[in-house]
1. Which residue out of 75, 62 is part of a loop (DSSP other than H, G, I, E, B) and modelled with pLDDT under 95?
2. Filter the range 41-81 down to the residues that are of a type in the set (S, T, N, Q), surrounded by 10 or more Cβ atoms within 10 Å (Cβ to Cβ) and more than 18 Å from the chain's Cα centre (by Cα) and list them by number.
3. Condition first: among the small types (Gly, Ala, Ser) and closer than 23 Å to residue 14 by Cα. Can you find one or more residues in the range 64-71 that meet it?
Amino acid sequence: MADMMDTDDEADNDNDNHDQYKQYIDTKFSKTELSQNLLDFWKQKSSVFPNLAKVAQFLLAIPAATAASEREFSILKKLSQ
């Protein structure tokens, strides 16, 4: 019985995700909204698109390549020559 409830919850969550995605795609955002910092945009839209905002904030929080990692790749390149 508990398994059925879990399946129902997952289906509801999938529907919510789909509905949020469809609403996001169908929304016409202003130029001001689209020109702002992406993290700020998703923070502002988190009440309308909570699941999409979580994913966006997670992905946007991944740092770009750092000098340390670039330095490591440079060293590896030199070693491989």
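1. Result of the check over 75, 62: 62.
2. Within the range 41-81, 69, 74 meet the criteria.
3. There is no residue in the range 64-71 that is among the small types (Gly, Ala, Ser) and closer than 23 Å to residue 14 by Cα.
The values are calculated or read from the model by the stated rules, or taken from the named source; none is laboratory data. Only a predicted model underlies this, so the values are computations on that prediction, with no experimental measurement involved. Note that we place each Cβ from the backbone using ideal geometry, even for glycine, and neighbour counts take in every protein chain shown.
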